[in-house]
Amino acid sequence: MKIERVEIREIRLPLVHFFETSFGRTTLRQVILAEVFSGGISGWGECVAGEGPFYSAECVATAWPVLCDYLAPALSGRDLSGPRDLPVAFQKVRGHRMAKAALESALWDLEARALQIPLWKHLGGTRSEIPCGVSVGIQDSLPQLLEKIEAEAQAGYRKIKLKIKPGWDVEMVRAVREKFPEIPLMVDANSAYTLKDAERLKELDSFRLLMIEQPLAHDDLFEHRRLQELIRTPICLDESIRHARDAQAAIEWGSCRIVNIKMGRVGGLAEARRVHDLCARNGIPVWCGGMLETGIGRAHNIALSTLENFSIPGDVSASKRYYERDVIQPAVEVSQSGTIVPPEGPGIGFQPDRPWIDRLTFRRAVF
Ligand code: OSB
Ligand code: MG
């Protein structure tokens, strides 16, 4: 597979509703997309880095120059056997996993398209339907939140994840539980707490939560283990798991009982699959996280979610929850029973809407 051309672009598009976490509110997405060309076809990937260095150190302002100055030039003109060669091609660049994943996932799409098979089958996926949940951000008021949850439950979603932070936690969850006693519920703190808050976090044990996601520091495994010994609710790690070695340590130490897998956070689909396989071997269930992706990243998440051990509904939901008009056709839709059926077309199985993507493009670089 001779890489003839690589295109990196940043598109900008508004979210239908703002999305607020413990680290801030997003209204306008800035998204880097990668397109890799070989043999008359191309594959697409999305960089899930955020607008600022708040979820992770990596953000659009770091991913753009790393992609343009190092990663895309290391790829363009090269003859690769496939995406599995990328760790070697990118070896000299430390970290910057989201930037790497944008190109790596584009290569997976390209390879599956060349083979004329769906990416999910190429990855070894077995699920003909994936269960979906939603991540509901911090709202301006409790009535607004309850209204939102009602709508998502009506739409059929199988898991509701609530963003929490100090001041929007125990009382909020209590109110939600009172109104929705049966709904599968979890919370995500995005590192808003410390071990000193253990007593408060322990109060969450009474609400039958599926899990609490990333309560403590973004780069911690040690204190999460301490916390897991103090609370009954399973801890799920997101930010702390950067690769399969982190997952291995977290499992051996008991830092978590569930793992959120985001292909961008771990540097690509191959590493995401490694984390998945490792968790499967250790009896740790996984689910696919989301990063407010456009259709391209969303399509990759759908493909990944077809792997066997993605047994918990992920943060993979319908395009219309995020964007008025998505960048792929057709848009991602979720059935009334809260599932997505992975597409049968080649590669990611959705067609990037090039004219629309061109109109949204803020800057572009070609290699
Ligand atoms: O922690 O899972 C997270 C969005 C941006 C950054 C971090 C996270 C999230 C979400 C959104 O929870 C999930 C989605 O894409 O709907
Ligand atoms: Mg999270």
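Assess whether D188 counts as being closer than 19 Å to H218 by Cα and within 16 Å of ligand 2 (Cβ to nearest atom). Outline the logic, then answer.
Numbers: closer than 19 Å to H218 by Cα: yes; within 16 Å of ligand 2 (Cβ to nearest atom): yes.
It is true that D188 is closer than 19 Å to H218 by Cα and within 16 Å of ligand 2 (Cβ to nearest atom).
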Looking at (1) touching a strand residue (DSSP E or B) at 6+ places or on another chain (Cβ under 7 Å); (2) more than 16 Å from ligand 1 (Cβ to nearest atom); (3) open to solvent by 30 Å² or more (accessible area, probe 1.4 Å); (4) closer than 21 Å to G125 by Cα, can you tell me which one G347 breaks? (3)
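Yes/no per residue for (1) more than 16 Å from ligand 2 (Cβ to nearest atom); (2) crowded, with 21+ Cβ neighbours inside 10 Å; (3) farther than 19 Å from E152 by Cα:
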site: G268; (1), (2), (3): yes, yes, yes
site: W287; (1), (2), (3): no, yes, no
site: T294; (1), (2), (3): yes, yes, yes
site: V316; (1), (2), (3): no, yes, no
site: T339; (1), (2), (3): yes, no, no
Identify all residues within region 198-227 that are touching a helix residue (DSSP H, G or I) at 6+ places or on another chain (Cβ under 9 Å) and either within 18 Å of I251 (Cβ to Cβ) or at pLDDT below 95 (or both); write none if there are none. I212, Q214, P215, L216, L221, F222, E223, H224, R225, R226, L227
Return yes when S191 is among the hydroxyl-bearing types (S, T, Y), away from ligand 1 (no atom under 14 Å from the Cβ) and either within 19 Å of the chain's Cα centre (by Cα) or surrounded by fewer than 17 Cβ atoms within 10 Å (Cβ to Cβ) (or both) and no when it is not. no
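Just to verify a result, which residue in region 301-314, among those that are among the hydrophobic types (A, V, I, L, M, F, W, C) and open to solvent by less than 20 Å² (accessible area, probe 1.4 Å), is farthest from ligand 1 (Cβ to nearest atom)? So that I can check it myself, show each step before the final result.
We begin by selecting, within region 301-314, every residue among the hydrophobic types (A, V, I, L, M, F, W, C); these are 302-304, 307, 310, 312.
The next check asks that each one be open to solvent by less than 20 Å² (accessible area, probe 1.4 Å); those that pass are 302-304, 307, 310.
Values: I302: 12, A303: 16, L304: 13, L307: 19, F310: 15 Å.
Here the residue is L307.
Can A106 be described as over 30 Å from L67 (Cβ atoms) and of a type outside the set (V, I, T)? If you could, list the steps in order and put the result at the bottom.
Numbers: over 30 Å from L67 (Cβ atoms): no; of a type outside the set (V, I, T): yes.
No: the conditions fail for A106.
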Residue hits (region 236-262; within 14 Å of ligand 2 (Cβ to nearest atom) and either in contact with a Ser or Thr (Cβ under 7 Å, 6 or more places away or on another chain) or of a type in the set (D, E, K, R) (or both)) are L237, D238, E239, R242, K262
Within region 84-104, can one find any residue that is in contact with a Ser or Thr (Cβ under 6 Å, 6 or more places away or on another chain) and surrounded by fewer than 16 Cβ atoms within 10 Å (Cβ to Cβ)? no
Check P181, P215 and return the single one that is assigned to a loop (DSSP other than H, G, I, E, B), more than 29 Å from H276 (Cβ to Cβ) and either touching a residue at least 24 places away in the same chain (Cβ under 8 Å) or open to solvent by 10 Å² or more (accessible area, probe 1.4 Å) (or both). P181
Can you tell me how many residues in region 152-178 are surrounded by 13 or more Cβ atoms within 10 Å (Cβ to Cβ), of a type outside the set (D, E, K, R) and closer than 20 Å to S319 by Cα? 6
In region 14-51, which residues are more than 11 Å from ligand 1 (Cβ to nearest atom), under 18 Å from the mean Cα position of the chain (by Cα) and open to solvent by less than 20 Å² (accessible area, probe 1.4 Å)? V31, I32, L33, A34, W44, G45, E46, C47
Output the number of residues of region 258-286 satisfying the condition of being within 16 Å of ligand 1 (Cβ to nearest atom), in contact (Cβ under 8 Å) with a residue 40 or more places away in the chain and not polar (S, T, N, Q). 7
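So which residues in region 149-178 are of a type in the set (A, V, I, L, M), over 22 Å from A192 (Cα atoms) and either part of a helix (DSSP H, G or I) or free of Cβ contacts under 8 Å to residues at least 24 places away in the same chain (or both), if there are any at all? Spell out how you get there, then give the answer.
From region 149-178, those of a type in the set (A, V, I, L, M) are 149, 151, 153, 155, 160, 162, 164, 170, 172-173, 175-176; that's our starting set.
Those still in the list that are over 22 Å from A192 (Cα atoms) too: 149, 151, 153, 155.
Within region 149-178, I149, A151, A153 meet the criteria.
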Mind counting the residues in region 318-337 that are open to solvent by 30 Å² or more (accessible area, probe 1.4 Å) and either of a type outside the set (D, E, K, R) or closer than 26 Å to S128 by Cβ (or both)? 10
Does region 233-276 hold any residues that are within 21 Å of R298 (Cα to Cα), of a type in the set (D, E, K, R) and outside any loop (DSSP other than H, G, I, E, B), and which are they? E271, R273, R274
With (1) open to solvent by less than 30 Å² (accessible area, probe 1.4 Å); (2) closer than 30 Å to S141 by Cβ as the list, and E58 as the residue in question, which single condition is left unmet? (2)
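The values are calculated or read from the model by the stated rules, or taken from the named source; none is laboratory data. The structure presented is a predicted model; accordingly, all values stated were derived computationally and were not measured. Counting neighbours? That spans all protein chains shown, and the Cβs are built from the backbone with ideal geometry, glycine included. Each accessible area value is taken on the protein alone, full model and side chains, heavy atoms only, with ligands, DNA and RNA left out. Shrake-Rupley method; radii C 1.70, N 1.55, O 1.52, S 1.80 Å.
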